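Only the coordinates and a few stated rules stand behind these numbers; no lab work does. This is a predicted model, so every value here is computed, not measured. No Cβ is skipped: glycine too gets one built from the backbone with ideal geometry, and neighbour counts run over all protein chains shown.
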Amino acid sequence: MSRQQNIDLLNRYFQLMHDGDWEAVEAMYHDDVVIHMLGTTPASGLLEGKKVVTDDLIAEKVHGALVPERITFARRWKIMCADDERVVAIMEGGGPTRTGDNYDQTYCEIFRFKHGKVIEMHAFFDTALAERALFGNPLKEPREPGSARMDY
């Protein structure tokens, strides 16, 4: 695919996330998708196959911890660079958790596409926030997040 086709595809993916159209988001994953999640959280590691990504990671580990009617992924996003094979983007999203915490996350993600679908993604994110908000495992010495909003 061309650079512009990849950019358009990723913008569509993020718009669907923003709109909360998770069935359409899931349809954008290739059956053989591979996701590399940073860190050592319960959601981290190598995830292989569409069912593992959509059912285990997205539905259970992320959305399962959040208040569904109050989450918004892809509130903001920006394509940082792209070529004929990959696109790198920053995306913000999240919302309140079922336990009363807040999961407002920033992701840096590297996407690769095959036949118009996401075949591979590397996700970099605040693992300490994920541990605390999604998995109830706070740092022993918590720190307040920085107050300055990232401008990208």
Exercise. Go through region 111-126 residue by residue and turn each phi into a ³J(HN,Hα) via Karplus (6.51, -1.76, 1.60, θ = phi - 60°); whole Hz please, and just put x for glycine and proline.
Key: 10, 10, 10, 9, 6, x, 10, 6, 9, 8, 8, 10, 10, 10, 7, 6
Practice problem: Mind pulling the angle between the C-alpha long axis of helix 3-19 and the longest principal axis of the chain? Nearest 10 degrees, somewhere in 0 to 90. | Solution: 40
Quiz item: Under 5 Å between amide H atoms, partner at least 5 residues away or on a different chain: which partners does Val33 have, H built in plane at 1.01 Å?
Solution: Gly49, Lys50
Exercise. Taking H placed 1.01 Å from N in the peptide plane, check which residues at least 5 places from Asp126 or on another chain put their amide H under 5 Å from its amide H.
Key: Thr106
Quiz item: What share of all Cα pairs of the chain, in percent, falls into each consecutive 10 Å distance bin?
Solution: 11, 41, 37, 10, 1
Quiz item: At a Förster radius of 22 Å, what calculated FRET efficiency corresponds to the Cβ-Cβ distance of Ala24 and Thr72, to the nearest 0.05?
Solution: 0.90
Quiz item: So which aspartates and glutamates can Lys50 reach, going by Cα to Cα under 18 Å and dropping same-chain residues fewer than 8 places off?
Solution: Asp21, Glu23, Glu26, Asp31, Asp32, Glu60, Glu109, Glu120
